[in-house]
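Remarks on the structure that follows.
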Ligand SMILES: *Cc1c(COP(=O)(O)O)cnc(C)c1O
């Protein structure tokens, strides 16, 4: 499916690295010097190349723009102990990209194309990794249809690309969130498990309404009863009730987060009880009122673990006690960070160095 693995590289002769040190470093605004591209046509991937970051020409009839065949991934490269750079569970991102592709009738990206493009690009722009605590290179692989044709059918041509941006700590303050019980992010049988662009576009309006009320994000609930917790914003969500981690079980309407997987694994390894099951807004509010809800947090690549300070429900704001340094979320977050940075053993082979 791949005509050649040789990646042609055209380096920039005008690095924009000074942009990296702009303060504050706003998430997703400054991009590293290079990007990776590969084109799909005639049933094969062609023309894998790395070139200076820049605009892409598209047809006005581009079918991704009209019908939304567009998917993406989100991952990070982290600095490691010995001064190297490593990816975290990149094969999980590769597999999820292809699961999203299948749902959207798009072609699979071969493992070598994904991994080699990723590693070469990150190696080339490794100097963009901010030398600050919590600094990382956020990596955005994505694929979109490129047919210039208005027929509603899967495109025959696609572009797969990877861009990267330097980031520091994502959320500074604990989040204010509220249950959303009118609008829906995704329904059972829909495409909520896929990282496809349309999911995010449809979430913006209800999110904007919540932000006008002073919340940062929503807690999405299920599409049929508006009762069962799904996710928070673009993160998976976890509650600690009576010392147990409770998180919604995966379904076609929930994104299978790699941070979620990693946090649950580390929690189980620490001997913490984990329940993946349905969890209702009533249960969460009941636990808040009974004082048994110890922590609530979002989990995702951008923030890793984002503590929730306030949950709004039916016009009422409920406060969650501040997580101290010994809180479970902090201990799990620290364990995850230590594996990522090479300070702790990596029993599951999650850390993949990009090489010299
Ligand atoms: C990407 C994403 C997540 C988190 O996935 P990670 O692999 O942990 O970054 C959760 N929910 C949604 C809707 C997402 O898009």
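Just so you know, all these numbers are worked out from the coordinates, no wet-lab data involved. Because the structure is predicted, anything quoted here is derived from the model rather than measured. Note: ideal-geometry Cβ built from the backbone for every residue, glycine included; neighbour counts use all protein chains shown.
Quick one: check the C-alpha center-to-center distance for the range 16-61 versus the range 153-170, whole angstrom.
8
In what order do 11, 140 fall by count of nearby beta-carbon atoms within 10 Å, going from fewest to most?
Sorted ascending by nearby Cβ count, the order is 11, 140.
Which FRET efficiency value, to the nearest 0.05, is calculated for residue 157 and residue 8 with the Förster distance at 22 angstrom and r the Cβ-Cβ distance?
0.70
If I stretch the segment between residue 211 and residue 53 completely, what's the gain in nm (0.36 nm per residue apart, minus their alpha carbon distance), one decimal?
Contour length minus the Cα-Cα distance gives 53.6 nm.
Mind telling me which of 36, 144, 27 comes out most flexible in a GNM of the chain, alpha-carbon contacts under 10 Å?
The residue with the greatest mean-square fluctuation here is 27.
Whole number please: convex hull volume per residue, Cα atoms of the chain, in Å³.
144
Only Cα pairs under 8 Å and at least 6 apart count here; give the relative contact order of the range 8-167 as a rounded whole percent.
34
What fraction, in whole percent, of alpha-carbon pairs in the range 8-167 exceed 26 Å separation?
So the pairs more than 26 Å apart make up 29 percent of the total in the range 8-167.
Using Cα centres only, tell me the gap between the range 208-250 and the range 68-113 in whole Å.
Here the two parts' Cα centres lie 25 Å apart.
What whole-number value in cubic angstrom gives the convex hull volume per residue for the C-alpha atoms of the range 210-281?
103
Using Cβ counts within 10 Å as a stand-in for footprinting exposure, how do 45, 350 rank, fewest first?
Result, fewest neighbours first: 350, 45.
Could you give P(r) for the range 175-340, binned at 5 Å from zero, as whole percent values over all Cα-Cα pairs?
Each 5 Å bin holds this share of Cα pairs: 2, 9, 19, 23, 22, 15, 8, 2, 0.
Quick check on the exposure proxy: order 208, 195, 29 from fewest to most C-beta atoms within 10 angstrom.
Fewest-to-most ranking of 208, 195, 29: 208, 29, 195.
With label points built 7 Å along Cα→Cβ from the Cα atoms of residue 81 and residue 330, find their separation and express it in nm.
2.4
Once every DSSP H run of n ≥ 4 in the chain is given -39500 (n - 2.57) and the sum is divided by its residues, what mean residue ellipticity at 222 nm do you get, rounded to the nearest 500 deg cm²/dmol?
My calculation for the chain gives -7500 deg cm²/dmol from helical runs alone.
Please compute the length gained on full extension between residue 131 and residue 272, using 0.36 nm multiplied by the number of residues separating them and subtracting their Cα-Cα distance.
47.4 nm
For residue 46, put the label point 7 Å out on the Cα→Cβ axis and report which residues of the range 107-128 keep their amide N under 11 Å from it.
none
For the chain, set up a Gaussian network in which alpha carbons nearer than 10 Å are linked by springs, and say which option among 82, 117, 233 fluctuates the most.
82
What are the semi-axes of the equivalent ellipsoid for the range 125-208, taken as the square roots of 5 times the Cα gyration tensor eigenvalues, largest first, in whole Å?
29, 25, 9
Normalising by the residue count of the chain, find the relative contact order in percent from Cα pairs under 8 Å and 6+ residues apart.
Normalised by residue count, the contact order of the chain is 18 percent.
Nearest 5 is fine: what % of DSSP beta bridges in the range 175-340 come out antiparallel, could you say?
65
Quick one: P(r) of the range 1-95 from all Cα-Cα pairs, 5 Å bins, percents rounded to integers, in order of increasing distance.
For the range 1-95, the pair-distance distribution reads 2, 9, 12, 17, 25, 18, 11, 4, 2, 0.
What's the extension gain from residue 242 to residue 290 if we count 0.36 nm per residue and subtract their Cα-Cα distance?
16.2 nm
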